[in-house]
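What follows is one structure encoded as structure tokens, with my remarks underneath.
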Amino acid sequence: MPSAQRLDATDARILLALGRAPRATAVALAEELGLSRNTVQSRLARLEQGGGLRSPEHRIDPAALGYPLAAFVTVQVVQRLLDEVGRSLAAVPEVLQVHGLTGASDLLVHVAATDADDLYRIAGQMLEIPGVERTNNALVMREMVPYRITPLLERAAR
């Protein structure tokens, strides 16, 4: 994924306000921030198109969908098949996110499972992907710091 464009302080203020009130309209955001509606709308559109504003999917807890077990799976792959492996992993519904890594493992895969048996099934499915050489599973015992971006937005807004 290409990196998003650099945000300025006004973008950060808009995103902080949107974080506080995710359903706020552009008019409400503009009023709160002392900006014009057109400014807010055009900046939000630019952020959506440029990748600076991602999907709200990350707010949905997989446990609410019946997938209470979270795990991270490191994957070693045949290098020349890395892109194909990535596409195959994207076709597995329980795969929430895949990161390419440096070091001993090539990929870090965040998965959601219904239970340990389901994780075993998912890991087996990954091992069947051509190019996957080895996997290693790590269960998430608890989330210590949830995904957050607010501290960085607050810094950028200053």
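The values are calculated or read from the model by the stated rules, or taken from the named source; none is laboratory data. In this text the structure is predicted, and so the values were computed from the model without any measurement. Cβ: placed from backbone, ideal geometry, glycine included. Neighbour counts: every protein chain shown. Each accessible area value is taken on the protein alone, full model and side chains, heavy atoms only, with ligands, DNA and RNA left out. Shrake-Rupley method; radii C 1.70, N 1.55, O 1.52, S 1.80 Å.
Quick notes on this structure:
- The chain, relative contact order in percent, only Cα pairs under 8 angstrom and at least six apart counted: 29
- Based on alpha carbons, the Rg and Dmax found for the chain are 19.3, 55 Å.
- Contact order relative to length of the stretch 2-52, as percent, for alpha carbon pairs under 8 angstrom and 6 or more apart: 46
- Relative contact order %, the stretch 38-117, counting alpha carbon pairs below 8 Å whose residues are six or more apart: 34
- Solvent-accessible surface of the stretch 31-143, averaged per residue with a 1.4 angstrom probe and all protein chains in place: 66 square angstrom.
- Spread of Cα-to-Cα distances over 5 Å intervals beginning at zero, given as percent, for the stretch 1-77: 3, 13, 20, 18, 13, 11, 10, 7, 4, 1, 0
- About its Cα centre, the stretch 4-158 has a charge dipole of approximately 740 debye under the convention of +1 per Lys or Arg Cβ and -1 per Asp or Glu Cβ, with nothing else charged.
- Here the simple spin-label model places points 7 Å from the Cα toward Cβ, and for D83 and A9 these points are separated by 4.3 nm.
- Global geometry of the stretch 51-118, whether rounded, prolate or oblate, following the gyration tensor of its Cα atoms and the 1.5 cut on a/c: oblate
- For the chain, the fraction of 1.4 Å probe accessible surface lying on carbon and sulfur atoms is 53 percent.
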